[in-house]
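Reviewing the structure listed below.
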Amino acid sequence: MPRDGAASLSLDDLSLFVSGRFGRFVNPFAEAELAQVDLARTGSGGGEGGDLVLERFYNDSFLSEAVTLRVGKMLAPVGEWNEIHANPLVLTTVRPAVTYRNFSEYVTGASLIYSDPFARWPDVQLYWQPEGELSERPGHLVEHHYESVEGLHVSLPLGLLDKVGASFQHARDEAGVDQSLIGLDFHYTLDRLTLQGEATWSDLGNDSAGNARDGEWGAYAAASFALDDQWSLQGWYEGFADRTRASTAHDVLFGVTWKPQPAIVGRLEYLQNFGGTEINPTGLYASWSVLF
């Protein structure tokens, strides 16, 4: 329910997963998603149809105990949020802009993944997309379309769930803008308190699109405190300087989460924009999510 604009009740991220294990070299995985179906909207007289999106479609070949070759369409490993990216796995209903807006969220090509089974060395993922995205998403679901992508992500485990990571991604969008992104992310737990965050900087070269900036940056820091096994409080702050806007957006979010079961999550959140042109609108958000 945004402060300015229409409130809506939506079905989002209704996903179908299909996977198979056929040996060392043939292990397919696919995810198709129904996104942003408005069931009801104030002032519009009804809902609107959503979009069927191919989220992932790839095959894993296990070259060794530690090295995997992945070929197909996959989520780009820029930070932690993008690879999990959907309720109930993420911290909040509202997604910080820095976790998706200034890089290619997907890669259609090949990726070489190193994961030390004994957690002695950092996990490394090297990826390459030679041309456009397979089953490209419609323009109202994505800010930029990318024609070529290559990148690297390194993640140093600090425990079972805790980690610190670094990202690099070079990409060219459909307007011919070359961008080079560097980023840092972290996830750390102290008893009932969980801290996480991400920061990125993109250098925009060969800018033929007439953007307001020659660089784009963003950062968010979040905290979640577990009151007990079912209830927790969470919040984050974000600053984001979009390439198309002269002002920097500043947002703060706080909310409460209820987990009657580990796979069922209900959330109520309030987001306030207090500077710059908003990306996530000021207002009240709620969600009910099930993973099964």
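Observations on the model:
- Charge sum, other residues only, whose C-beta stays under 10 Å from ALA171's C-beta, Lys/Arg counted +1 and Asp/Glu -1: -3
- Charged neighbours of GLY79, selected by a Cβ distance under 9 Å, balance to -4 (K, R count +1; D, E count -1).
- A simple packing score, the average count of other Cβ atoms within 10 Å per residue, orders the peptides 89-100, 132-143 as 89-100, 132-143, with the highest score first.
- Counting only Cβ charges, +1 for Lys and Arg and -1 for Asp and Glu, the dipole size of region 1-119 around its Cα centre is about 140 debye.
- Charge dipole (Cα centre; +1 on Lys/Arg Cβ, -1 on Asp/Glu Cβ; no other charges) of the chain amounts to roughly 540 debye.
- Net charge of Cβ neighbours under 15 Å - reference LEU284; Lys, Arg +1; Asp, Glu -1: -2
- Plainly put, region 158-212 has a radius of gyration that is 1.21 times its Kirkwood radius, both from alpha-carbon atoms, as the Rg/Rh ratio.
- Pairwise centroid distance, computed over Cα atoms, of region 65-130 with region 235-292, Å: 22 Å
- Remark: the LEU75-PHE274 segment gains 68.5 nm on full extension, using 0.36 nm per residue and subtracting the alpha carbon distance.
- Heavy-atom accessible area with a 1.4 Å probe sorts PHE292, PHE168, PHE240, largest first, into PHE292, PHE168, PHE240.
- 3J(HN,Hα) along region 77-84, derived from phi through the Karplus expression 6.51 cos²θ - 1.76 cosθ + 1.60 where θ = phi - 60°, amounts to x, 9, x, 8, 4, 5, 7, 9 Hz, with x in place of Gly and Pro.
- Label sites at TYR114 and LEU227, each approximated as a point 7 angstrom past Cα along Cα to Cβ, lie 4.6 nm apart.
- With distances taken between every two different alpha-carbon atoms, region 59-124 has a Kirkwood hydrodynamic radius of 13.5 Å.
- Compared with the direct C-alpha span, the chain from ALA286 to VAL37 gains 88.1 nm at full extension, assuming 0.36 nm per residue.
- Calculated [θ] (222 nm, deg cm²/dmol) that DSSP helices of n ≥ 4 give over the chain, each run adding -39,500 (n - 2.57): 0 deg cm²/dmol
- Note on surface exposure: ARG41, ARG172, ARG56 rank ARG172, ARG41, ARG56 by accessible area, highest first, 1.4 Å probe.
- Annotation: amide H of ARG56 within the under-5 Å range of GLU31, sequence separation 5 or more or interchain, hydrogens built in the peptide plane.
- Spin-label pair SER10/SER64, simplified geometry with 7 Å Cα→Cβ offset, distance in nm: 4.5 nm
- Column: log10 I(q)/I(0), Debye, Cα scatterers of region 8-290, q = 0.08, 0.10, 0.12, 0.14 Å⁻¹: -0.35, -0.57, -0.84, -1.18
- Built amide H within the under 5 Å cut-off of THR282, gap 5+: ARG3, ASN273
The values are calculated or read from the model by the stated rules, or taken from the named source; none is laboratory data. The model shown is predicted, which means the values in this text are computed figures rather than measured ones. Counting neighbours? That spans all protein chains shown, and the Cβs are built from the backbone with ideal geometry, glycine included. With ligands, DNA and RNA removed, areas are computed over all heavy atoms of the protein, side chains included. Shrake-Rupley method; radii C 1.70, N 1.55, O 1.52, S 1.80 Å.
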